[in-house]
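Chemist: My questions will all concern the structure given below.
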Amino acid sequence: MVRHARMIGRIQGRNRHVVTAFFAVFTTACIAVFALLPLPSLAWGRLGHEVMASMSYEQLTPKAKAEVDRLLALEPNATLGSISTWADEHRNQTTAKWHYVNLPRGDCTYNEERDCPGGDCVVKAIQDQLNVLKSNAPDAKRLMALKYVVHFMADIHQPLHAGHADDRGGNQYQLSAFMRGTNLHAFWDHGMIALVSEDPITWVARLKQNGQGQSAQTPQFKKMQSLNPIDIAQESCRIVARPDFYPPHKLNEEYVKTYTPVMVSAVSRLARTLNGVWP
């Protein structure tokens, strides 16, 4: 009887080792598979999108503002700021690629056949949705196009949304930002905004001050007149190519100050784009 009990104990012990080994292998495999999955690209985060869209609304011409208000009236309490995150909230397998474009390292010249196969990239998405917004389509469809344009015009100004596939748009570039571990893409998407303030009023004041200051006019961020999404994507790619864009693996406030003008440019271009829809 005792011998039988010992045998059962040895079998159970071996089984525990087998089960433990199985779960170790299974967990490792899951982690490996997860690492290969594309990371979500939520440029600027909710706060960044809402702030930039709200500031753009203030720069609309009376005619453009009236048309935007007419479309927004189709949904209760909708504002340009509140619809700015709709494209992230309703992203699916089809639209996920509309938020970014990958350009080759060392070549920021956009090539549609190479960089936007099937028309699935942020450049083509902006072009297509602007065409809908300018058309005689039903207002419900034009409102959806407005949501996409507002969102994608901010996305395309996040430099790593026109970055490189070899590091997954900065997702694989690990760094420390103010005593916290992160990666460069995540810092641009969320960390840069949260670092300064999560209060929209504070960010509006900062961007207004930056837009009026000298930094927004410095040569490396001189405002471009072109509203062509191709030009904007290429500009974002050139920002990624700057020697100081991939910083040492620790970030500081100076980095944030240097690149805040990118958001100012997004605000201005979105307003000018919508003004061009209703000249």
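Chemist: Report, ordered by chain and residue number, the lysines lying within cross-link reach of Lys208, taken as a straight Cα distance under 27 Å and ignoring same-chain residues fewer than 8 apart.
Modeler: Straight-distance partners of Lys208: Lys63, Lys65, Lys147, Lys222, Lys223, Lys257.
Chemist: Here's a follow-up. Note down the nm distance, to one decimal, between modelled labels 7 Å out along Cα→Cβ at Asn136 and at Asn228.
Modeler: According to this spin-label approximation, the distance is 2.9 nm.
Chemist: Still on this structure: Any idea which of Tyr110, Ala73, Leu175 is furthest toward the positive side of the dipole for the stretch 45-277, if Lys and Arg beta-carbons carry +1 and Asp and Glu beta-carbons -1?
Modeler: Value: Ala73.
Chemist: What are the aspartates and glutamates whose alpha-carbon lies under 20 Å from the alpha-carbon of Lys250, with same-chain residues fewer than 8 places away excluded?
Modeler: Hits, sequence-local ones excluded: Asp167, Asp189.
Chemist: Here's something else I'd like to know. Just rank Met144, Met263, fewest to most, by other beta-carbon atoms within 10 angstrom. Walk me through the intermediate numbers first.
Modeler: Working: Met144 21, Met263 25.
With the fewest neighbours first, Met144, Met263 line up as Met144, Met263.
Chemist: Continuing with the same structure: Give the aspartates and glutamates whose C-alpha is closer than 15 Å to that of Lys134, dropping any in the same chain fewer than 8 places away, or say none.
Modeler: Those aspartates and glutamates meeting the cut-off are Glu67.
Chemist: Moving on to the next point. With Cβ to Cβ distances under 15 Å as the rule, what net charge do the other residues near Trp98 carry (K, R +1; D, E -1)?
Modeler: Details: positive: Arg91, Lys97, Lys124, Lys147; negative: Asp88, Glu89, Glu112, Asp115, Asp120, Asp128, Asp155.
Taking every Cβ under 15 Å from that of Trp98, the sum is -3.
Chemist: Quick one: net charge around Leu251, please, counting Lys, Arg +1 and Asp, Glu -1 for every other residue with C-beta under 13 Å from its C-beta. Each step should come with its number before you reach the end.
Modeler: Values: positive: Arg180, Lys250, Lys257; negative: Asp244, Glu253, Glu254.
Within the 13 Å Cβ shell, the charges total 0.
A short reminder: the numbers here are calculations on the coordinates, not readings from a lab. Quick caveat: nothing in here was measured; it's all calculated off a predicted structure. FYI the Cβ positions are ideal-geometry reconstructions off the backbone, even for glycines, and counts take in every protein chain you see.
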